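Chemist: The structure under discussion is supplied below as structure tokens; questions concerning it will follow.
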Amino acid sequence: MFDNLLRPHIKKLQAYASARDEYQGNTGIFLDANENAIGSATYEAYNRYPDPQQKLLKQKIATIKKVKPENIFLGNGSDEAIDLLIRAFCEAQEDAIAILPPTYGMYEVSATINAVKVYQIPLTQLFQIDLEKLKTYFDKVKIIFICSPNNPTGNTIAEPDILYILEHFEGIVLLDEAYVDFCADKSWLSRLDKYPRLVIIQTFSKAWGMAALRLGMAFAHTELIAILNKIKSPYNINILTQNLALEALDNEAKMQEMVKVTIQQRELLKEKLKEIAYIEDVYPSEANFLLVKMKNPQEVFAYLLSKKIITRDRSKVAERAIRISIGTETENIALLQALRDYDNSLHHNKKV
Ligand SMILES: *Cc1c(COP(=O)(O)O)cnc(C)c1O
């Protein structure tokens with residue numbers, strides 16, 4: 001199904017068959033993988049290679065997400081899925097991808113590392129897709145990257161635009177749903193069956209609160225997932241991550257509760273930010289951050305930094321804006337206080 005899109009050498013590639021791929025039983029005398037049979041230099045034993053296909057974890061994710069395990073790829077962060085997708089479909093020095101800036105930086109970085117050309121089709125003033133312009137690139141690119149809710153703007157991308165692309169573009173559509181849990185709109189996961197060239201990525205790094213573990217998910221047609229599995233490194237998800245993710249999935253309620261608190265804090269912070277004089281705009285956000293437009297973003301960023309409050313200066317990609325992640329209630333209060341102090345210092349300086 002993906003033969004005419006795939007790079008020819010990937011099509012021909014025979015995947016590495018790991019020891020644990022060849023024998024899948026749990027019991028026996030394992031003399032197949034050159035592991036240390038005695039134990040580990042740690043208190044707990046980690047001497048055996050983990051399941052290369054993460055079967056238990058995929059089974060559980062499949063149940064929660066209402067897809068089949070064969071529709072799931074797990075990566076060392078969703079960044080791994082982004083990279084593998086480019087490596088599977090884009091020939092170096094020859095193929096291209098399209099990105100819609102301002103957006104997540106890894107699409108361009110991954111493409112550039114792989115010597116794949118990047119066309120930038122900027123979002124409109126309202127941070128929506130410039131469909132007329134994007135259409136003119138349909139026959140020039142292999143993958144279109146759409147991020148919804150978009151990082152760093154925080155808004156969702158209009159559904160009809162995504163539909164149009166899915167129905168008219170003949171390449172791969174990567175829909176990045178890293179922030180979907182914070183969003184009122186539903187995930188596109190339920191429509192996976194309808195669009196075989198749609199790849200949806202989600203992550204354990206944001207709503208699930210497990211960024212340190214590095215675990216990302218890609219959902220797609222079984223044949224496309226098989227391609228990603230063929231080219232991934234064999235044991236890409238370590239056993240600690242697999243086990244902790246299994247544990248976390250039993251605790252979806254905690255994730256939902258954290259999401260709820262984050263959204264409450266986001267809306268509160270947004271209202272309070274709007275009261276500050278030098279802040280020009282707080283963009284609508286369906287994610288766990290706010291993009292804030294102000295008169296002097298670089299100075300504010302530096303001021304906050306001097307108070308050990310670290311935000312993200314996005315003024316080079318989004319006009320006069322810094323991106324602020326939603327913190328705990330206490331952290332958000334400290335942020336607001338610092339921003340008000342800065343405001344006061346402005347007035348004070350004017351008077352002197
Ligand atoms: C944070 C983020 C990710 C997640 O990356 P991981 O590698 O899974 O931590 C993916 N896409 C976007 C847009 C993000 O902001």
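Laboratory data are not the source of any read-out in this text; all were calculated from the coordinates shown. This is a predicted model, so every value here is computed, not measured. Note: ideal-geometry Cβ built from the backbone for every residue, glycine included; neighbour counts use all protein chains shown.
Chemist: Treating region 124-258 as a set of equal point scatterers at the Cα positions, no solvent, please give the Debye-formula log₁₀ I(q)/I(0) at q = 0.12, 0.13 Å⁻¹.
Modeler: With no solvent term, the Cα-only Debye profile gives -0.55, -0.64.
Chemist: Cα convex hull of the chain: how many Å³ per residue?
Modeler: In the chain, the Cα hull volume divided by residue count equals 164 Å³.
Chemist: Grab the DSSP H runs of the chain that are 4 residues or longer, score each as -39,500 (n - 2.57), total them, divide by all residues and round the 222 nm result to the nearest 500 deg cm²/dmol.
Modeler: After summing the helix terms and dividing by the residues of the chain, the value is -11500 deg cm²/dmol.
Chemist: Now, a different point. For a protection proxy built on the mean count of beta-carbon atoms within 10 angstrom, sort 110-120, 78-88 highest first, please.
Modeler: 78-88, 110-120
Chemist: Sticking with this one: On a C-alpha basis, how far is the centre of region 1-76 from the centre of region 158-186 in Å? Whole number, if you could?
Modeler: Taking the Cα centre of each part, region 1-76 and region 158-186 sit 29 Å apart.
Chemist: Still on this model: Which net charge results when you count Lys and Arg as +1 and Asp and Glu as -1 among the other residues whose beta-carbon is under 13 Å from that of Lys254?
Modeler: Local net charge: -4.
Chemist: Select from Asn229, Asn332, Asn36 the residue whose mean-square fluctuation is largest in a Gaussian network model of the chain (Cα-Cα springs shorter than 10 Å).
Modeler: Sorting by GNM fluctuation, first place goes to Asn36.
Chemist: Please enumerate, by chain and number, the aspartates and glutamates with C-alpha under 17 Å from the C-alpha of Lys12, excluding those fewer than 8 residues away in the same chain.
Modeler: Qualifying aspartates and glutamates at Cα under 17 Å: Asp3, Glu91, Glu223.
Chemist: Counting only other residues whose beta carbon sits under 11 Å from that of Glu91, what net charge do I get with K and R as +1, D and E as -1?
Modeler: Once all neighbours under 11 Å are counted, the net charge is +2.
Chemist: Once you sort the root eigenvalues of the Cα gyration tensor of region 296-352 as a ≥ b ≥ c, which label holds: rounded (a/c under 1.5), prolate (a/b larger than b/c) or oblate (the other case)?
Modeler: Taking the square roots of the gyration eigenvalues as a ≥ b ≥ c, region 296-352 is oblate.
Chemist: Taking loop as defined by DSSP and a crowding limit of 11 other beta carbons within 10 Å, which trypsin sites (Lys or Arg not before Pro) in region 257-352 fit?
Modeler: Those that pass, being in a loop and sparsely packed, are Lys308, Lys316.
Chemist: While we're looking at this one, here's another question. Of the beta bridges DSSP finds with both residues in the chain, what % are antiparallel, to the nearest 5?
Modeler: Taking every DSSP beta bridge with both residues in the chain, the antiparallel ones total about 55 percent.
Chemist: Are any of the pairs Lys58/Lys260; Lys270/Lys308; Lys65/Lys260; Lys260/Lys295; Lys254/Lys293; Lys117/Lys316 more than 23 Å apart by Cα-Cα distance, and if so, which?
Modeler: Lys58/Lys260; Lys260/Lys295; Lys254/Lys293
Chemist: For region 1-154, treating each Cα as an identical point scatterer without solvent, what Debye log10 I(q)/I(0) comes out at q = 0.13, 0.20 1/Å?
Modeler: -0.83, -1.29
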